[in-house]
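Some notes on the structure that comes next.
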Amino acid sequence: MEIRLASKIGFCYGVERAYEKALELAKKNKNVYIYGDLVHNNSVKDELVSKNINFFYSLNDLPENSKEAICIIRAHGIPKKDKNFLKNNFKSVVDLTCPIVEKVFNYAYNMQKKGFFIVAYGKKDHAEMIGLKGNIDEKKIEILKNAKSFKYNKLCIITQTTMDYNNFKDFASQIAKLSEYNELVVKDTICYETKIREKEAKDIAIWSEFVIIIGGKHSSNTRKLYEISKKYNNNSIHIDSVKELLYIDFSRIKKIGILTGTSTPNKSIKEVIEFLRRGF
Ligand code: SF4
């Protein structure tokens, strides 16, 4: 059996950076909290909890000992006012917003300063988009997934870092056709990690007889890889853990492709490869 593993596997740059820093902080400090999930992956969460890192999910429900604790802001970023609130309520705040996400926030902020209205292709309720809106002028941005017409002198179209490039291109060209403006800037702000993984998902799905996509069931980027793979190869399966492979008959399969989301730990990938290599 031949196994083809995607070249980009495991945590992406932003998640790896936040994960390592969280572990480092937990080694030196007693009370470390993360606001929200670091990644949508249960085994990663369990591991962090086992290293004495705790989680809280609402600003209305802060840990009782917050004044003696460190609060970590995860890679997606958060609105400025929430960050200030955390700063006032924790001993210290460590902002681990991914630098690529931060760059998009800054870009949108600067474009607004130049008089542009921002149209962001993304999911309104996604943490990164909530963070974007909360770091710029909320009245001069609209986040949406379906193109519509706008009427502004200066219009700037950007995208959530994890969206599909071809869909973004269609979205931007539809808005360009439908809208009235004097100046239009279209800026592709999709993260390179997303682009590479999605391109490979297609290539690997075409090459393979069977594709295994490893990652949390709530991880939207893993689900997206699964959808891409499924489009080109009906024998695609999205698993959270190696246990889900136990009852699949791989004996006739000669080419297996493996893809992983940006929040999938290396441990889960290793377990799957070892399982496949052991043979049947
Ligand atoms: S997917 Fe890209 S932008 Fe998002 S956290 Fe990872 S490296 Fe940063």
With criteria (1) over 18 Å from the mean Cα position of the chain (by Cα); (2) modelled with pLDDT of 95 or more, Arg277 comes up short on (2)
Subset of region 150-180 [buried (at least 18 other Cβ atoms within 10 Å of the Cβ) and within 21 Å of Asn110 (Cα to Cα)] | Tyr152, Leu155, Cys156, Ile157, Ile158, Thr159, Gln160, Thr161, Ala172
Being more than 16 Å from the ligand (Cβ to nearest atom) and assigned to a helix (DSSP H, G or I) is the filter here, so list the residues in region 73-103 that pass it.
-> Lys80, Lys81, Asp82, Lys83, Asn84, Phe85, Leu86, Lys87, Asn88, Asn89
Of the residues in region 269-280 that are surrounded by 12 or more Cβ atoms within 10 Å (Cβ to Cβ) and touching a residue at least 24 places away in the same chain (Cβ under 8 Å), the one that is nearest to the ligand (Cβ to nearest atom) is Ile269
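Just to verify a result, which residue in region 194-216, among those that are within 23 Å of Ser241 (Cβ to Cβ) and not hydrophobic (A, V, I, L, M, F, W, C), is nearest to the ligand (Cβ to nearest atom)?
The qualifying residue nearest to the ligand (Cβ to nearest atom) is Arg197.
List the helices (runs of 4 or more DSSP H) that sit entirely inside region 107-224 and contain at least 3 residues that are within 30 Å of Phe250 (Cα to Cα) and at pLDDT 95 or above. Full working, then the answer.
Working: elements: 127-133, 165-178, 192-207.
So the answer is 192-207.
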Report, by residue number, each residue of region 233-268 that is aliphatic (A, V, I, L, M) and buried (at least 21 other Cβ atoms within 10 Å of the Cβ).
-> Ile256, Leu259
Just one listed residue, out of Asn41, Asn60, Asn31, is more than 16 Å from the ligand (Cβ to nearest atom) and in contact (Cβ under 8 Å) with a residue 12 or more places away in the chain, and it is Asn31
Looking only at region 225-240, decide whether some residue is of a type in the set (D, E, K, R) and either within 16 Å of the ligand (Cβ to nearest atom) or in a loop (DSSP other than H, G, I, E, B) (or both).
-> yes
Can Tyr247 be described as at pLDDT below 95, of a type in the set (Phe, Trp, Tyr) and under 14 Å from Tyr121 (Cβ atoms)?
-> no
What number of residues within region 54-72 are assigned to a strand (DSSP E or B) and touching an Asp or Glu at 6+ places or on another chain (Cβ under 9 Å)?
-> 2
What number of residues within region 104-122 are within 16 Å of the ligand (Cβ to nearest atom) and free of Cβ contacts under 8 Å to residues at least 40 places away in the same chain?
-> 2
Does at least one position in region 187-200 carry a residue that is more than 30 Å from Tyr109 (Cα to Cα) and touching a residue at least 12 places away in the same chain (Cβ under 8 Å)?
-> yes
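The values are calculated or read from the model by the stated rules, or taken from the named source; none is laboratory data. This structure is a prediction, so every number in the text was calculated from the model and none was measured. Cβ sites come from the backbone with ideal geometry, for glycine too, and all protein chains shown count toward neighbours.
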